[in-house]
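> The structure follows.
The values are calculated or read from the model by the stated rules, or taken from the named source; none is laboratory data. Nothing here was measured: the structure is a model prediction, and the numbers come from that model. Neighbour counts run over all protein chains shown; Cβ positions are idealised from the backbone, glycine included.
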Amino acid sequence: MEFLKVNDQYASQIALIELHRPKELNALNPQLMQELRDVLADLDGNTNVRVIILTGNEKAFAAGADIKQMADKSAIDMLLIDQFNTWDQIRKTKKPLIAAVSGFALGGGCELAMACHIRIAVASARLGQPEVNLGIIPGYGGTQRLTQLVGRGKALELMLTGENISASEAQSIGLVNHVVETQDELMALAKKMMQKIISKGPVAIAHVIRSVNAGFGFEEKGYDMESSCFAACSVTEDFKEGTAAFLEKRKPDFKGR
C-alpha cells in the first residue's frame, strides 16, 4: 500500500492504521480512500482483530481532500462513487473504530474522523468543515454527521462560516470524546479505551454499532441530497475560483454563479 501503514500487532487484538501522505498532510485522494476501504474490509473479517485505531501524524490526521485532484473534475467525477462506497464501508464497520486525531482534521479529514465510532484528539488539533471557502459544501457525509454529533445550530455555524475550532471546543460541543496534551498520551488513551472494549462480548459490540447506525436510517436521503449538491457546486464558477485561489494562495472573489 502506498498511502497507508497497517500494524495489526500494535497490541493484542488491536489494529493500527496510519494515513501516510506526509508531504500532502494526509490529504485524501481516491487511491488512499480505496486502500482504506480494502484494509477495513480485511480487518472487519479478521477474527484476530477486535478493534481498530485510525490515525495520521503529529501535523495532520488529514488536512482535507486533495484540492489539486478536485480542481478540474466534472460533476459526474465529483460524485466519486468509489469514495462514497468507501465512506459507507467505514460507517458499516462492525468492529469499533477510533479516530486518534493530531494536527489538522479539516474538510474530508474531519468527515473521516466523524465517520469513526469514537474520536479522541491532542489539544493542539484543529477540526472543521471549511469547504465554503472553496465555493463548495462538505461532500463526504459532513452535513449529516456534524449535525448528528453537535446539533443543527452549531453544525450550521461551523459549515457556514468555514471556521475551524480547537480540540477543546470540539470536545465541549460533542465532536470529540476526549482531549489529551501529547501524541504519546493520545495513543496510550486509544489503547486503554480499546482494551476496555476488547474485554466485552464481540457479538454484543457489533450489534451495538449496528443498532446505533439503524437509529439514523432516515439519513440516507440526506446523504443523497448532499451528494447531489456537492456535484452541483463542483461545476460552478465559484468553485473554480475557490480552488484556484486556494492553489494560488490568495483570497477568492466569489460571484455567486
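> Pick from segment 235-257 the residues that are aliphatic (A, V, I, L, M) and surrounded by fewer than 17 Cβ atoms within 10 Å (Cβ to Cβ): which of them is modelled with the lowest pLDDT?
In this case the residue turns out to be V235.
> Right, next: Kindly indicate the residue of segment 174-184 that is touching a residue at least 12 places away in the same chain (Cβ under 8 Å) and over 13 Å from M114 (Cα atoms) and also surrounded by the most Cβ atoms within 10 Å (Cβ to Cβ) among those meeting that condition.
Selected residue: V179.
> Go through the residues of segment 59-81 one by one and say whether even a single one is at pLDDT 95 or above, surrounded by fewer than 16 Cβ atoms within 10 Å (Cβ to Cβ) and over 13 Å from the mean Cα position of the chain (by Cα).
For segment 59-81, residues at pLDDT 95 or above, surrounded by fewer than 16 Cβ atoms within 10 Å (Cβ to Cβ) and over 13 Å from the mean Cα position of the chain (by Cα): present.
> Give me the residue from segment 145-164 that is buried (at least 21 other Cβ atoms within 10 Å of the Cβ) and of a type outside the set (D, E, K, R) and, out of that set, nearest to the chain's Cα centre (by Cα).
L146
> Still on this model: Any residue at all in segment 148-165 that's touching a helix residue (DSSP H, G or I) at 6+ places or on another chain (Cβ under 8 Å), part of a strand (DSSP E or B) and over 24 Å from K68 (Cα atoms)?
yes
> Here are the criteria: (1) hydroxyl-bearing (S, T, Y); (2) under 25 Å from S124 (Cβ atoms); (3) at pLDDT below 95. Tell me which single one S166 does not satisfy.
Here S166 meets the rest and fails (3).
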